[in-house]
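Just below is one structure, and these are the notes that go with it.
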Amino acid sequence: MNGKSLGEIISEKRKEKGMTQAELAEKMGVTDKAVSKWERNLSYPDVASFPRLSEVLGVSLDELMKGTGDSNKKKEDDIDRIISIALRAIALAMGVAVTVLTLLDELDSDSGLGMLGIAVLALSVYLFRERKD
């Protein structure tokens, strides 16, 4: 079950058992809207209800708990990837801007150095983040 979010596990196991969201909700003592939110990862079951949920779905408590972490890990990975792309884009944009503005004779040396400094800083932060991983 690794790689699946808690919502995906709940939805998959519920369907394997041939249950509707309403039937799972009744067994869990919640509304079908709550189950729908769980399955879409918009909210999570109360921690105290995890043993009952694992029993109803026929999945170990450990498997359910691992599911919650995988979703968060994926979100963190996505955020890291976006930050890395943004840092490289900033560096590239500054380099291109300095080159074009210099060719057009529209850039004074102080502004050019400042823009190149931003580019170097963005690349430095990017490389530092990559080295940490």
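The values are calculated or read from the model by the stated rules, or taken from the named source; none is laboratory data. Only a predicted model underlies this, so the values are computations on that prediction, with no experimental measurement involved. So basically every Cβ, Gly included, is an ideal-geometry build from the backbone, and we count neighbours across all protein chains shown.
Quick one: is residue 105 surrounded by fewer than 12 Cβ atoms within 10 Å (Cβ to Cβ) and at positive phi?
Considered against the rule, which asks whether it is surrounded by fewer than 12 Cβ atoms within 10 Å (Cβ to Cβ) and at positive phi, residue 105 comes out as yes.
Which one of 56, 30, 35 is over 13 Å from residue 6 (Cα atoms), of a type in the set (Val, Ile, Thr) and assigned to a helix (DSSP H, G or I)?
56
Among the numbered conditions (1) outside the structural domain of residue 14 (by TED's automatic domain parsing); (2) within 22 Å of the chain's Cα centre (by Cα); (3) at pLDDT 90 or above, tell me where residue 81 comes up short.
(3)
For every residue, the table says whether it meets (1) surrounded by 19 or more Cβ atoms within 10 Å (Cβ to Cβ); (2) touching a Ser or Thr at 6+ places or on another chain (Cβ under 8 Å).
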| site | (1), (2) |
| --- | --- |
| 9 | yes, no |
| 13 | yes, no |
| 38 | yes, no |
| 41 | no, yes |
| 47 | no, no |
| 55 | no, no |
| 60 | no, yes |
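Against the condition on the phi < 0 side of the Ramachandran plot, outside any helix (DSSP H, G or I), modelled with pLDDT of 80 or more and out of contact with any Gly (no Cβ under 9 Å at 6 or more places or on another chain), how does residue 43 come out, does it pass? Can you show your working first?
Numbers: on the phi < 0 side of the Ramachandran plot: yes; outside any helix (DSSP H, G or I): yes; modelled with pLDDT of 80 or more: yes; out of contact with any Gly (no Cβ under 9 Å at 6 or more places or on another chain): yes.
Spelling it out, residue 43 is indeed on the phi < 0 side of the Ramachandran plot, outside any helix (DSSP H, G or I), modelled with pLDDT of 80 or more and out of contact with any Gly (no Cβ under 9 Å at 6 or more places or on another chain).
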